[in-house]
Amino acid sequence: LDVLKKLVAAFYLNFLIHYPIFFFFPTVIERPTTSLDGWAGSAFSFLRWIDQPVNCFPSQHVSLCFVVALGFWNYRRWISIFFLFWAIAISLSTLTTKQHYFWDVLGGLVVFLICYGVVLRKESQPKLQLVSPSK
């Protein structure tokens, strides 16, 4: 339950960082036209229709994927490693599908590092509970 609370807090912090940037400094990516046929072309067209080419920097695709991936690091390491590979694949796919530029991905990683440092990092000192001496 503690890991879920931290993930929710990291998501909120992520949104608090991204949305003011998106509002005050909107960025747009120029996408080349594609000519894919069949179901792959239809799926790619649907992806482009859903994910409009606005609000590119920093990449929220990247930052949220890494928040999830490393949010489980101190809880279930094997799940975190799986999600880490998945986050890397998503980051690369945002470049190959022309959803983001390289700098957008780096910006998303910076936002993730802020979220990790503030919310997800394991405390280095154990929690102490002060109790009064018994009589």
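The values are calculated or read from the model by the stated rules, or taken from the named source; none is laboratory data. Quick caveat: nothing in here was measured; it's all calculated off a predicted structure. Glycine also receives a Cβ, built like all others from the backbone with ideal geometry; neighbour counts cover every protein chain displayed. All accessible areas refer to the heavy atoms of the entire protein, side chains included, with ligands and DNA or RNA removed. Shrake-Rupley method; radii C 1.70, N 1.55, O 1.52, S 1.80 Å.
What the table shows:
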item: Around Phe83: net Lys/Arg minus Asp/Glu count, Cβ-Cβ under 14 Å; result: +2
item: Charged-residue dipole, Cβ positions (Lys, Arg, Asp, Glu), the chain about Cα centre, Debye nearest 20; result: 680
item: Segment 72-84 - phi-based ³J(HN,Hα) in whole Hz, Karplus 6.51/-1.76/1.60, Gly and Pro as x; result: 9, 4, 8, 10, 9, 4, 5, 5, 5, 5, 4, 5, 5
item: Share of carbon and sulfur in the accessible heavy-atom surface of segment 3-135 [1.4 Å probe, %]; result: 70
item: Helical mean residue ellipticity (222 nm; -39500 (n - 2.57) per DSSP H run of 4+; nearest 500) of the chain; result: -20000 deg cm²/dmol
item: Potential extension, Val3-Ile29 segment - 0.36 nm per residue separation minus Cα distance; result: 5.9 nm
